[in-house]
Amino acid sequence: MKYVRKPIEVIAWFDMQGNPAPIKFRVLDEQQEMAVIKVDKIVNKDLDRFAGNRMIKYTCESLMEGQLKPFEIRYEVDTCKWYLYKI
Amino acid sequence: MSSSKYPRIIMHIDVNSAFLSWQAVYNLQKGDTLDLRDIPSVVGGSQADRRGIVLAKSTPAKAYGVQTGEVLWQARQKCPGLVCVPPNYQLYMKSSNALYELVKEYSPKIQRFSVDEMFIDYTGMEPHFGEAEEAAHMIKDRVKAELGFTVNIGIGCNKLTAKVAGDFKKPDMVHTLWPEEIPTKMWPLPVEDLFMVGRQTKKKLNQLNVHTIGQLANMDRKLLRDKLKSFGTMIWCYANGIDDSPVQSGYYLKMKGIGNSTTIRFDVTDTHTAHKVLLSLTESVALRLRAAHSCCRVVSVEIRNSNLESYSHQRKLFSPTSITNEIYRNVTELFDECWKGEKIRHLGVRVTDLCSDEFIQPSFFDEKDRDKKNALDSAIDNIRYKYGNAAVMRGVFLDGEFSPMTGGSGAEDYPVMSSIL
């Protein structure tokens, strides 16, 4: 996985406890086009509290170009922003 | 070793170069690859606004001789290529709160001494988390793993020894200073390392041929009292590791005064502008005064000119007040009385001699319509609490040259530094 750290647009599912789970997101690719990626599986979810700033980390897997690729997206709780962190 | 031989066990947690490491950790979390803690870097105010002093430094910057509080260009001279990041007080509060939440799991009695320091009363907690040292290591390692920054923990049997122990070798360490360790660990230190001994006291003590804490501790107490009054007795007690102040859980500190000050972007040369700055300072001071349900009996004004010389002027009021306009009237009169007409760099407003606002003894010489003015202030305060400080402002600030309320950094709730244990 490579670090990318790009802000992304996300469709997420919030359960009744307020836990968000990403369903799909889109990101600007190298050709400056919006690429839509569907989150096939959330492998792991973890809370990062570095410097008191809460970020929910999701390690996910998706089928891209016929290949199962792992990636990590993050949700910053205080600002409600999503980031594609590693892919 | 059974720790129960000590009547109290106090821990002191201190974040290593707090502002800088919080910023560094935050940047890393945001995805920076560069760790500010590993390069010469400082947190500093904006030079354009003339607030360019070093607020915090990294360990590599310290190696260059960069000191906290020195001017940025001086620091740059000492260390070319110094990286400077702006302060971010919201982040500091967030980090401090996260640390507090973590530490709260270990003891019910925690005192937040400042934004990056806290005292923990660990007395009687051994059955739960093991001996004090074990627990301290546990806390230190958890903070590092979960919050990403490093802390130093000092353990002693009172707040003073814990704090001294916390200042031993840094970073990321646990130190103890039990009473029997005082002669070996604390006494060889230079006297200025003692809490409350600053530059001025150091000078006086050095004249008495006192250079280490041990010399101070073994000095004649009466002589010290004669030279330095009650303060002498206090530092003598501190040098001997005597301190019985309790860990005040929650945040509680009896305020002696409330003040705000600001360094102005340009040199002020006319009364009109100076009054504007003073008004904007008074607005925030008076708001804080009322929020503390207090009234003040003394108002003072501080001026620092472009040669960095400071002087102040104060006045005792006839009857206690918390009315913005009344404080402001006194502030302007004081300013006009003491200003010598030179260029002003920095202005401050301070109110002291506080008392409760519950009962006020009125007098014949009070301004008229005090109740109405109090009501007006409280209405304005309520609007500001609800909609923000900019919701209501005075017409004089409409040109946008100055903010309608000046002073404070967002860290008001916890003082950055305190002199009261």
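The values are calculated or read from the model by the stated rules, or taken from the named source; none is laboratory data. Because the structure is a prediction, the values reported are computed rather than measured. In this analysis, Cβ positions are derived from the backbone assuming ideal geometry, glycine residues included, and neighbour counts consider all displayed protein chains. Side chains are part of the model used for accessible areas, which takes the heavy atoms of the whole protein and leaves out ligands, DNA and RNA. Shrake-Rupley method; radii C 1.70, N 1.55, O 1.52, S 1.80 Å.
If the condition is being more than 14 Å from chain B (Cβ to nearest Cβ), part of a strand (DSSP E or B) and either free of Cβ contacts under 8 Å to residues at least 40 places away in the same chain or open to solvent by less than 60 Å² (accessible area, probe 1.4 Å) (or both), then the stretch A:1-21 contributes A:Val10, A:Ile11, A:Ala12, A:Trp13, A:Phe14, A:Pro20, A:Ala21.
Scanning the stretch B:280-334 for residues being crowded, with 24+ Cβ neighbours inside 10 Å and of a type in the set (D, E, K, R) gives a total of 1.
Just a yes or no: is a residue in the stretch B:120-136 within 14 Å of chain A (Cβ to nearest Cβ) and either under 24 Å from the mean Cα position of the chain (by Cα) or in contact (Cβ under 8 Å) with a residue 12 or more places away in the chain (or both)? No: the stretch B:120-136 contains no residue that is within 14 Å of chain A (Cβ to nearest Cβ) and either under 24 Å from the mean Cα position of the chain (by Cα) or in contact (Cβ under 8 Å) with a residue 12 or more places away in the chain (or both). Residues considered: A:Lys45, A:Lys57, A:Lys24. Of these, the only one that is assigned to a strand (DSSP E or B) and within 14 Å of another protein chain (Cβ to nearest Cβ) is A:Lys57. The residues of the stretch B:186-243 that are touching a strand residue (DSSP E or B) at 6+ places or on another chain (Cβ under 7 Å), within 27 Å of B:Ile10 (Cα to Cα), assigned to a loop (DSSP other than H, G, I, E, B) and not aliphatic (A, V, I, L, M), listed by number, are B:Trp187, B:Pro188.
The test for being under 30 Å from A:Tyr85 (Cβ atoms), of a type outside the set (Lys, Arg), in the same structural domain as B:Ala136 (by TED's automatic domain parsing) and open to solvent by less than 50 Å² (accessible area, probe 1.4 Å) does not hold for B:Cys79. Here B:Arg51 passes the criteria (1) among the basic types (Lys, Arg); (2) more than 24 Å from B:Gly154 (Cα to Cα); (3) within 14 Å of chain A (Cβ to nearest Cβ) except the one numbered (3).
Of the residues B:Gly65, B:Gly69, the single one that is away from every other protein chain (no Cβ under 14 Å), at pLDDT 85 or above and open to solvent by 20 Å² or more (accessible area, probe 1.4 Å) is B:Gly65. Return a yes/no flag: does the stretch B:158-173 have any residue that is within 14 Å of chain A (Cβ to nearest Cβ) and surrounded by fewer than 16 Cβ atoms within 10 Å (Cβ to Cβ). No, because not a single residue in the stretch B:158-173 is within 14 Å of chain A (Cβ to nearest Cβ) and surrounded by fewer than 16 Cβ atoms within 10 Å (Cβ to Cβ). Remark: pairs (first residue in the stretch B:145-162, assigned by TED's automatic domain parsing to the domain that holds B:Pro7 and closer than 30 Å to B:Lys30 by Cα; second residue surrounded by fewer than 24 Cβ atoms within 10 Å (Cβ to Cβ) and acidic (Asp, Glu); Cβ separation under 8 Å; 6+ apart in sequence or on different chains) = B:Thr150/B:Asp172; B:Val151/B:Asp14; B:Val151/B:Asp172; B:Asn152/B:Asp14; B:Asn152/B:Asp167; B:Asn152/B:Asp172; B:Ile153/B:Asp14.
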